[in-house]
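The values are calculated or read from the model by the stated rules, or taken from the named source; none is laboratory data. Values in this document were obtained by computation on a predicted structure and should not be read as measured data. Note that we place each Cβ from the backbone using ideal geometry, even for glycine, and neighbour counts take in every protein chain shown.
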Amino acid sequence: MKVVNYIYIILFFGAILSCTKEIDVEVKDADPQLVIEANYDATNERVQVNVSITKNVFEGGVNPVITGAAVEIIDENGLATPLVDQGNGSYILENYAPTYLSTYSMNVTVDGVMYSASSFLPEVVQLDSLSSIFTEASLFGAAGYVVYMNFTDPAGLPNYYRAVRSVNGEVLTDLGDQFIFDDSFSEGNAQTVPFFGDRYEVGDSVVVEFRSYNKNSYDYYSQLFDLAGDGGQSAAPANPVSNWSNDALGHFATWGWDSKYVVVVE
Amino acid sequence: MKNLYFLGVLFFASLGLAQQFTVSGSITDLKNGEDLFGASVVVKELANTGAQANVYGFYSLSLQKGKYTLVYRYSGYEDVVKTVDLTENITLNIELGVSADVQQIEEVVITSKKENENITSAQMEVTRLDPKSIETIPILFGEQDVMKTLQLTPGVKGAGEGNAGFFVRGGGADQNLILLDESTVYNASHLLGFFSVFNSDAIKDVALYKSGIPAEYGGRASSVMDVRMRDGNNKKMGVSGGIGLISSRLTVEGPIVKDKGSFIVSGRRSYADIFLNFAPDTNLRGTTLFFYDLNMKANYKFGEKDRVFVSGYFGRDKFQLGQDFGFDWGNSTATVRWNHIFSDKLFSNTSVIFSNFDYQFSIGEGDDGFGIRSSIQDWNLKQDFTYYLNSNNTLKYGFNAIYHTFRPGVLESGANVGFNQIDLDKRYAAEVGAYVQNEQKLSNRFSLFYGLRYSGFNYMGEGTAYTYDSEGNVLTEQTYESFETIKYYQGLEPRFSMSLITNENSSVKAGYNRIFQYIHQLSNTTTSSPTDVWVPSSNLVAPQIGDQVAVGYYQNIKNNEYQFSVETYYKWLQNQIDYKPNANLVLNGQVERELVYGKGMAYGVEFQVKKTKGKLTGWFNYTLSRALRQFDDIDEGQAFSARQDRIHDLNLVLTYKLSDAWVFSTSFVYYTGDAVTFPSAQYVYDGITTPYVGQRNGNRLPDYHRLDLGATWYLKEKKRFEHSLNFSIYNAYGRENAFSVRFVENDAGQTVAEQTALFKLIPAITYNFKLK
């Protein structure tokens, strides 16, 4: 409900009276922390791990990367497969065939310290189609076409989704474009879920990669997006809960996806 | 047990055996018949002997047989002197008139009912305000507001601009019991805290207890804000009102039967949405955004011994943005009271009280929309007795029982949205209290005020109680029938304060209180919101317990013209609540799994100087304080600052009466910036720049300071009509105080801190009138 609050305050006071400016504030720099971003894209049969460390808040540039780590993924039978160090902080394994409804583990060893995590690979929920409908201008956007995802939430168990869209060939990666949701209000229903903030024109092509996450990954990304977009509004700000041992930041996620494509027509 | 025994001995030791008679009655305002709560009667022949009128204007004074001169007085009123020959119990109803020199403009800024009550009362300092006495103090948008003015007094900190709520001595915003004619007000703010729900035209008096809290109050761990509505003029009809920049007010009052009963109806409505029509964003035009308040009260005396009051409050905020977004919330309260005088020594009040708070919001409409609503509702039966044992002991005792119904959330969804209809289980609880307290004078210099409250809380069915593992998964689940106890909590709450008058103009006081708080407000944003959810204590949530000791020294000089005080306190808070990362509190039937528990500590010292007489009046206060919290789940159990841990806090309020026509005023506020959490490192994850959160509240917003200016022009008075114009400037030197600080990337890709400030310099004008 931060959203409700925010809309309200910004609308009334923000629109009329408020003002922003850059200020100098003191922050307490923390020691660099290890960050492990690990993803097993089961549909592409591809494992990628990025290892880096944090940098100071007011320091520009990208995080310093860690090369030379030993990274391996382990299936539920205990079979370990190493990833290939790309020399730029990335570690990759291709053509790694999935077993859905099984749990994978991963070990990352940096400077003799091993960081471990495990993740369950849920079944993939199919995306039936995308559709577009013309919508008048409102608070949420200008007049234009809104794209809807049509799918049926499987009944009887909780499901967690993330939708990544590409518009005219370009993947939307900004924080404001992240779209993650669960079925707690819509368990077992046929769904039409809009990207309500996006307004498209006739001729735009939209591709949606519709990922099925486990609860742990849903929680992690929800916390991450919340924190990154928070702007100091949370009374209980906290780092996303990592599934790595030994206090590494980051997350090991295992997921598959379905994809659909639509070209907006009148 | 030992303490109880000691108190018992003290109490019985003070029962005199000589033949005594009682003089009792009411003390009211000569002009409009309003009860004068706190008016006093003193016996000229006996040092430090007297009585005070209670909130219904009733007083009772027992004296040995004899002739006495009784002086009735109330600050700002002419004394009335009566001589009595006490050979039997007598009734004396007294009417006091306003003295000539203060008839037009009340000069006293903070009223103490007796000029030196701050010295002589056994009760630790109580902050009292009445709307009349603060009408010239400049306030945002010129809207007079008792709650805003309270935040300028020591130990009380406003939650900041754009924020409802306030903090008393390091306690949480939900730890203040806010009562309107005895009814709990769950959300005391309009427009997210820019205004309080208390329409000054309908308010008689506000008292804020922050230490040595009397045993008659219970249920919130930090303070009690007791607001009383006016009874209405029982002499003649009157109409008054005001027209302001943001809202307008109208009040009608008058007798039902002259001197026997009266009524008052007071309404207020804002028209803030007019401004939105000038907004640059055309989407904002045509938006509905307003609030209203309606206060109603009537009372009637049935004979000499019985009086009935009926009062109600209805207020609502409404916000509607076309068909896209709607949000509204409000309080309703109703109180029916019956005063009965059993004897000249025993006064009784019985109240039946209703309170409701609810909010709802909707997004979209019809088949394409959905809405969520939630509410909390109370029924309360309350019985209080005051027994005026003798001139040295005033005994109060009573009980109450509240039935709470919590409705955590209902989701109603249009056919095309794909959401299920959700109606979370209601939760039920009964909260009971019983108390006895005595205000006892041991000698002319030494007084005690002591009491004990028993409180109990029955969390009951029907419903389901869960337990969770550390990751929030359900471990056990048990269902309960209607009225079946799920969990019962109880506690004994000792209350104590004492005063030692060191000489006529100075005293030392000390107090202790313990209070159990059984219902809790959950809010995981730094800005309070109507969607903040109230939850009962349950099998998982233990009651909050607040303990506080306080010591104060009070000194009046120049015939009470200057009042100096210093108070110091230490407060312990148990079973405090905080949140797991990304806690979801809305429409969550299992909200307990989002919570973590810890404790709080707060301590400080408050200095204040008040000037109560003369052309220049006002006060200055400085508070040095800390407010800390400690949770095993946060920062590995290290103590951290609560957000309101403002170490230095300073307020200056001055009112200068230039002439009968012009009064000028100013207030200045300075405090240490709120404790907030800034990132202490940064990393890019999944393409997103993510802050690394360091120590909770380990950073500070920039310091806050602000100067407000006001002027009131009392226009020429006609025989039956008086009117005035109030001008004010909020934030006169345009300080940009930080509402929030965000870390954002600038165009060069560099992370910078960007602050948002809400208000720079807001001028306002208000016209007030009164038909007599």
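Being closer than 27 Å to A:Tyr218 by Cβ and part of a loop (DSSP other than H, G, I, E, B), is that true of even one residue in region B:655-662?
First, the residues of region B:655-662 that are closer than 27 Å to A:Tyr218 by Cβ: none.
Looking through region B:655-662, none of the residues is closer than 27 Å to A:Tyr218 by Cβ and part of a loop (DSSP other than H, G, I, E, B).
(1) exposed (fewer than 15 other Cβ atoms within 10 Å of the Cβ); (2) within 14 Å of chain A (Cβ to nearest Cβ); (3) of a type in the set (A, V, I, L, M, F, W, C); (4) touching a Leu at 6+ places or on another chain (Cβ under 6 Å): which one isn't true of B:Leu761, the others all being true?
(4)
From A:Thr20, A:Thr43, which residue is modelled with pLDDT under 95, surrounded by fewer than 18 Cβ atoms within 10 Å (Cβ to Cβ) and either farther than 30 Å from B:Phe141 by Cα or not assigned by TED's automatic domain parsing to the domain that holds A:Asn214 (or both)? Please lay out each step first, then the result.
Working: A:Thr43 fails: modelled with pLDDT under 95.
Exactly one of A:Thr20, A:Thr43 is modelled with pLDDT under 95, surrounded by fewer than 18 Cβ atoms within 10 Å (Cβ to Cβ) and either farther than 30 Å from B:Phe141 by Cα or not assigned by TED's automatic domain parsing to the domain that holds A:Asn214 (or both), namely A:Thr20.
Would you check if B:Gln548 is under 30 Å from B:Arg316 (Cα atoms) and either within 14 Å of chain A (Cβ to nearest Cβ) or under 22 Å from the mean Cα position of the chain (by Cα) (or both)?
Numbers: under 30 Å from B:Arg316 (Cα atoms): no; either within 14 Å of chain A (Cβ to nearest Cβ) or under 22 Å from the mean Cα position of the chain (by Cα) (or both): yes.
Considered against the rule, which asks whether it is under 30 Å from B:Arg316 (Cα atoms) and either within 14 Å of chain A (Cβ to nearest Cβ) or under 22 Å from the mean Cα position of the chain (by Cα) (or both), B:Gln548 comes out as no.
Quickly run through region B:673-722 and pick out the residues that are within 14 Å of chain A (Cβ to nearest Cβ), part of a loop (DSSP other than H, G, I, E, B) and touching a residue at least 12 places away in the same chain (Cβ under 8 Å).
First, pick out the residues of region B:673-722 that are within 14 Å of chain A (Cβ to nearest Cβ): B:673-704.
Narrowing further to those that are part of a loop (DSSP other than H, G, I, E, B): B:673-674, B:677-678, B:686-687, B:694-698, B:701-703.
Hits for region B:673-722 are B:Gly673, B:Asp674, B:Thr677, B:Phe678, B:Gly694, B:Gln695, B:Arg696, B:Asn697, B:Gly698, B:Leu701, B:Pro702, B:Asp703.
Conditions tested, residue by residue: (1) modelled with pLDDT of 90 or more; (2) touching a helix residue (DSSP H, G or I) at 6+ places or on another chain (Cβ under 8 Å); (3) farther than 29 Å from B:Leu180 by Cα; (4) buried (at least 16 other Cβ atoms within 10 Å of the Cβ).
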| residue | (1), (2), (3), (4) |
| --- | --- |
| B:Leu395 | yes, no, no, yes |
| B:Leu411 | no, no, yes, yes |
| B:Leu424 | no, no, yes, yes |
| B:Glu431 | yes, no, no, yes |
| B:Gly451 | yes, no, no, yes |
| B:Met460 | yes, no, no, yes |
| B:Thr479 | yes, no, yes, no |
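Could you please tell me which pairs satisfy a Cβ distance under 6 Å, a separation of 6+ or placement on different chains, a first residue in region B:741-769 that is under 19 Å from B:Asn699 (Cβ atoms), and a second residue that is among the hydroxyl-bearing types (Ser, Thr, Tyr) and assigned to a strand (DSSP E or B)?
If the second residue must be among the hydroxyl-bearing types (Ser, Thr, Tyr) and assigned to a strand (DSSP E or B), the pairs left are B:Phe743/B:Thr751; B:Glu754/A:Thr20; B:Thr756/A:Thr20; B:Thr756/B:Ser740.
With respect to A:Val241, is the statement that it is farther than 26 Å from B:Gly369 by Cβ and in contact with a helix residue (DSSP H, G or I) (Cβ under 9 Å, 6 or more places away or on another chain) true?
Values: farther than 26 Å from B:Gly369 by Cβ: yes; in contact with a helix residue (DSSP H, G or I) (Cβ under 9 Å, 6 or more places away or on another chain): yes.
The answer is yes for A:Val241.
Among the residues of region A:140-177, which ones are at pLDDT below 90 and in contact with a helix residue (DSSP H, G or I) (Cβ under 6 Å, 6 or more places away or on another chain)?
Result: A:Leu175, single match.
Out of everything in region B:247-271 that is farther than 30 Å from B:Phe319 by Cα and among the aliphatic types (A, V, I, L, M), what residue ends up being surrounded by the fewest Cβ atoms within 10 Å (Cβ to Cβ)?
B:Val257
Which is on the phi < 0 side of the Ramachandran plot, out of contact with any His (no Cβ under 9 Å at 6 or more places or on another chain), in the same structural domain as B:Pro763 (by TED's automatic domain parsing) and of a type outside the set (Val, Ile, Thr), of B:Phe263, B:Phe194, B:Phe198?
On the way: B:Phe194 fails: in the same structural domain as B:Pro763 (by TED's automatic domain parsing); B:Phe198 fails: in the same structural domain as B:Pro763 (by TED's automatic domain parsing).
Selected residue: B:Phe263, the only one of B:Phe263, B:Phe194, B:Phe198 that is on the phi < 0 side of the Ramachandran plot, out of contact with any His (no Cβ under 9 Å at 6 or more places or on another chain), in the same structural domain as B:Pro763 (by TED's automatic domain parsing) and of a type outside the set (Val, Ile, Thr).
Here is a list of conditions, (1) of a type in the set (Gly, Ala, Ser); (2) free of Cβ contacts under 8 Å to residues at least 60 places away in the same chain; (3) under 30 Å from A:Leu175 (Cβ atoms), and B:Ala661 meets all of them except one; can you say which number that is?
(3)
Any idea how many residues of region B:757-772 are touching a Gly at 6+ places or on another chain (Cβ under 8 Å) and within 30 Å of A:Glu22 (Cα to Cα)?
Taking region B:757-772 as the starting set, the residues that turn out to be touching a Gly at 6+ places or on another chain (Cβ under 8 Å) are B:758, B:760-761, B:764-772.
Keeping just the survivors that are within 30 Å of A:Glu22 (Cα to Cα) gives B:758, B:760-761, B:764.
Counting residues in region B:757-772 that are touching a Gly at 6+ places or on another chain (Cβ under 8 Å) and within 30 Å of A:Glu22 (Cα to Cα) gives 4.
Which of (1) surrounded by fewer than 24 Cβ atoms within 10 Å (Cβ to Cβ); (2) on the phi > 0 side of the Ramachandran plot; (3) not hydroxyl-bearing (Ser, Thr, Tyr) does B:Asp174 not meet, given it meets every other one?
(2)
Quick one: would you say B:Gly618 is part of a strand (DSSP E or B), out of contact with any Asp or Glu (no Cβ under 6 Å at 6 or more places or on another chain) and buried (at least 23 other Cβ atoms within 10 Å of the Cβ)? Explain how you work it out, then say what you get.
On the way: part of a strand (DSSP E or B): yes; out of contact with any Asp or Glu (no Cβ under 6 Å at 6 or more places or on another chain): yes; buried (at least 23 other Cβ atoms within 10 Å of the Cβ): no.
Answer is no for this residue.
State yes or no: is B:Gly749 small (Gly, Ala, Ser), modelled with pLDDT under 90 and within 20 Å of A:Ser18 (Cα to Cα)? Spell out the reasoning first.
Details: small (Gly, Ala, Ser): yes; modelled with pLDDT under 90: yes; within 20 Å of A:Ser18 (Cα to Cα): no.
Judged against the criteria, B:Gly749 is not a match.
Restricting to region A:169-217, name every residue that is more than 25 Å from B:Gly369 (Cα to Cα), among the hydroxyl-bearing types (Ser, Thr, Tyr) and buried (at least 17 other Cβ atoms within 10 Å of the Cβ).
Across region A:169-217, the qualifying residues are A:Ser212, A:Tyr213, A:Ser217.
So, A:Glu59, is that one at pLDDT 95 or above, closer than 20 Å to A:Asn239 by Cα and facing chain B (nearest Cβ under 8 Å) or not? Even if it seems obvious, please write down each step before you answer.
Details: at pLDDT 95 or above: no; closer than 20 Å to A:Asn239 by Cα: yes; facing chain B (nearest Cβ under 8 Å): yes.
Spelling it out, it is not the case that A:Glu59 is at pLDDT 95 or above, closer than 20 Å to A:Asn239 by Cα and facing chain B (nearest Cβ under 8 Å).
Quick one: which strands (runs of 3 or more DSSP E) sit completely within region B:111-211 and have at least 2 residues that are out of contact with any helix residue (DSSP H, G or I) (no Cβ under 9 Å at 6 or more places or on another chain) and under 22 Å from B:Gly267 (Cα atoms)?
Working: elements: B:126-129, B:156-158, B:166-168, B:176-180, B:203-209.
Filter on region B:111-211 gives B:176-180.
Scan region B:621-637 for residues that are over 27 Å from the mean Cα position of the chain (by Cα), crowded, with 20+ Cβ neighbours inside 10 Å and outside any loop (DSSP other than H, G, I, E, B) and report the count. Let's see the steps before the verdict.
Filtering region B:621-637 down to residues over 27 Å from the mean Cα position of the chain (by Cα) leaves B:631-637.
Applying the additional criterion that residues be crowded, with 20+ Cβ neighbours inside 10 Å yields B:631, B:634.
Checking which are outside any loop (DSSP other than H, G, I, E, B) leaves us with B:631.
Residues flagged as over 27 Å from the mean Cα position of the chain (by Cα), crowded, with 20+ Cβ neighbours inside 10 Å and outside any loop (DSSP other than H, G, I, E, B) within region B:621-637 amount to 1.
Which one is nearest to B:Asn416 (Cα to Cα) among residues in region A:156-199 that are of a type in the set (Gly, Ala, Ser) and within 11 Å of another protein chain (Cβ to nearest Cβ)? I'd like the intermediate steps shown before the answer.
Our first condition is that a residue be of a type in the set (Gly, Ala, Ser); within region A:156-199, this holds for A:156, A:163, A:166, A:169, A:176, A:184, A:186, A:188, A:190, A:197.
Among the residues that remain, those that are also within 11 Å of another protein chain (Cβ to nearest Cβ) are: A:176, A:184, A:186, A:188, A:190.
Numbers: A:Gly176: 25, A:Ser184: 17, A:Ser186: 12, A:Gly188: 15, A:Ala190: 10 Å.
Looking at the filtered set, the residue picked out is A:Ala190.
Using the structure shown, decide if A:Val265 is over 21 Å from A:Met114 (Cβ atoms) and surrounded by fewer than 17 Cβ atoms within 10 Å (Cβ to Cβ).
On the way: over 21 Å from A:Met114 (Cβ atoms): yes; surrounded by fewer than 17 Cβ atoms within 10 Å (Cβ to Cβ): yes.
For A:Val265, the condition - over 21 Å from A:Met114 (Cβ atoms) and surrounded by fewer than 17 Cβ atoms within 10 Å (Cβ to Cβ) - is met.
Go through (1) more than 14 Å from chain A (Cβ to nearest Cβ); (2) more than 18 Å from B:Thr153 (Cβ to Cβ); (3) surrounded by fewer than 22 Cβ atoms within 10 Å (Cβ to Cβ) one by one and return the number of the condition B:Gln590 breaks.
With (1) more than 14 Å from chain A (Cβ to nearest Cβ); (2) more than 18 Å from B:Thr153 (Cβ to Cβ); (3) surrounded by fewer than 22 Cβ atoms within 10 Å (Cβ to Cβ) applied to B:Gln590, the lone miss is (1).
I'd like to check which strands (runs of 3 or more DSSP E) are fully inside region A:66-128 and have at least 1 residues that are surrounded by 14 or more Cβ atoms within 10 Å (Cβ to Cβ).
Values: elements: A:70-74, A:80-82, A:90-93, A:102-110, A:113-121.
Output list reads A:70-74, A:90-93, A:102-110, A:113-121.
Of all residues in region B:638-652, count the ones that are touching a residue at least 60 places away in the same chain (Cβ under 8 Å) and assigned to a strand (DSSP E or B).
The first filter runs over region B:638-652 and keeps only residues touching a residue at least 60 places away in the same chain (Cβ under 8 Å), leaving B:642-646, B:649, B:651.
Now drop any that are not assigned to a strand (DSSP E or B), which leaves B:649, B:651.
Of the residues in that region, 2 qualify.
Kindly provide the set of residues from region B:220-246 that are assigned to a strand (DSSP E or B) and either without any contact (Cβ under 8 Å) to a residue 12 or more places away in the chain or surrounded by 23 or more Cβ atoms within 10 Å (Cβ to Cβ) (or both), ordered by number.
Selection gives B:Ser223, B:Met225, B:Val227, B:Met229, B:Gly242.
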